[in-house]
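Quick notes on the structure that follows.
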Amino acid sequence: MWHLNPPSTTARDSYVTCVSGTQDAERRKLLLDATGAVTDAGERFRAAAAAQTLHELAENEFTLPDIPNRDAVKWAYSNGMRSLAGRAIYDQLMDGPEDERCPMCGYGEVYQLDHVLPKIKFPALCVDPLNLVPACAVCNHTKGQVSPRNIETTPLHPYLDQIDHETWLDATVISGSQGELTYFISPPLTWDDTLTARVKYHFHLFQLGKRYGGQANRALKNIRSILQQQLQSAGESAVRDYLIRESSTRLENDRNGWDGVAYRVWAGHDAFCRGDFGTGPAVEF
């Protein structure tokens with residue numbers, strides 16, 4: 001859900017780089033003979049991505065001639081991109097996110113490349129840079145081999161979709177809790193129904209509400225003693241001022257960061273600022 005600059009390497013160049021170093025001459029020829037199919041597949045993929053019709057792409061139109069899907073993925077991606085000359089492209093894609101932050105969730109550390117359209121189903125796109133997004137292990141595992149069924153179930157594409165310039169993440173204090181939060185999507189008025197549906201699906205697919213809530217609750221344990229000291233020394237206004245300062249600092253860096261949203265919501269919750277945040281020493285996590 002956080003935008004990345006699109007890769008400059010073309011589908012064709014990436015594929016040729018990945019398969020040209022194949023040692024077996026017969027296999028190398030078979031792979032290189034499929035270059036045209038890969039180039040065509042990349043063009044159709046880009047056209048569909050621009051038109052937001054990725055869900056309409058047929059898997060049987062993204063295979064490599066005379067090469068079984070698993071072999072195509074093994075030879076081009078597992079061997080060629082992760083081990084041979086294509087490794088430079090792999091590493092360049094992995095270096096794309098600022099501070100190694102996963103663009104799918106916004107806080108995990110990038111660990112591997114995720115295939116927007118699953119490689120085993122769309123082997124002609126298995127080393128296409130536009131189909132490869134650096135992601136944390138949790139996001140990559142959670143998404144798995146899921147393919148979009150329609151436009152509403154098409155996750156956001158970090159290279160093509162940009163929403164981080166607007167505020168869309170919000171949270172609320174869970175009733176009866178001591179500051180625990182539940183997160184949700186608050187769509188801006190500028191969004192249409194399709195974008196709203198896609199963002200909500202992305203949020204649900206990657207379980208971001210649960211993951212953000214867990215992060216916020218752990219952070220709250222760390223600051224309870226600070227809040228208690230503020231309350232005892234200068235009262236409710238000191239607690240609120242502290243939370244506002246922390247919120248402003250974090251939201252300036254990321255207007256949809258789970259931590260900035262957490263501090264903003266706590267600062268706006270009267271009962272929380274009056275001391276309904278529990279007590280106890282800070283803990284490490």
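A few points about this structure:
- Largest mean-square fluctuation among 108, 36, 86, in a Gaussian network model of the chain whose springs join Cα atoms under 10 Å apart, belongs to 36.
- Residue with peak Gaussian network fluctuation, the chain [Cα springs, cutoff 10 Å], from 41, 271, 262: 271
- Protein-only accessible surface at a 1.4 angstrom probe places the residues 189, 231, 169 in the order 189, 231, 169, largest first.
- Whether segment 69-110 is rounded, prolate or oblate, judged on the alpha carbon gyration tensor where a/c under 1.5 counts as rounded: oblate
- A convex hull fitted to the Cα coordinates of segment 138-285 yields 127 cubic angstrom per residue.
- Segment 190-241: C-alpha gyration tensor shape, a/c 1.5 cut-off, then a/b vs b/c: oblate
- Cys residues of the chain that find no other Cys beta carbon under 4.7 Å: 18, 105, 126, 139, 273.
- Considering only 38, 133, 16, the mean-square fluctuation computed in a Gaussian network model of the chain, springs between alpha carbons under 10 angstrom, is largest for 16.
- Sites residue 222 and residue 196, calculated FRET efficiency, Cβ-Cβ separation with R0 35 Å, nearest 0.05: 0.55
- Residue 226 accessible area, assembled protein chains, probe 1.4 Å, Å²: 60 Å²
- C-alpha center-to-center spacing [segment 153-189, segment 229-276] in angstrom: 18 Å
- Helical contribution to [θ] at 222 nm, DSSP H n ≥ 4, -39,500 (n - 2.57), averaged over the chain, rounded to 500: -13500 deg cm²/dmol
- The candidate values were (i) 45, 19, 14; (ii) 34, 21, 20; (iii) 30, 24, 16; the one computed from these coordinates for semi-axes √(5λ) of the Cα gyration tensor in Å carries the label (i).
- Degrees separating the helix 258-267 axis from the principal Cα axis of the chain, which is the longest one: 20 degrees
- Size of segment 57-153: Rg and Dmax of its alpha carbons, in Å, are 13.6, 42.
- Prolate is the label for segment 104-211, because a/c, from the alpha-carbon gyration tensor with a ≥ b ≥ c as root eigenvalues, is 1.5 or above and a/b exceeds b/c.
- Lys-Lys pairs in the chain that are eight or more residues apart or on separate chains and whose Cα atoms lie under 26 Å of each other come to 14.
- Crossing angle, helix 236-253 versus the chain [Cα axis fit, 0-90 degrees, rounded to tens]: 20 degrees
- With bins 10 Å wide beginning at 0, the percent of Cα pairs of segment 1-140 falling in each bin runs 13, 44, 34, 9, 0.
The values are calculated or read from the model by the stated rules, or taken from the named source; none is laboratory data. What you see is a predicted model, and the numbers here were worked out from it, not measured in a lab. Glycine gets a Cβ as well: all are built from the backbone with ideal geometry, and neighbour counts include every protein chain shown. Calculation scope for accessible area: heavy atoms of the full protein, side chains included, ligands and nucleic acids excluded. Shrake-Rupley method; radii C 1.70, N 1.55, O 1.52, S 1.80 Å.
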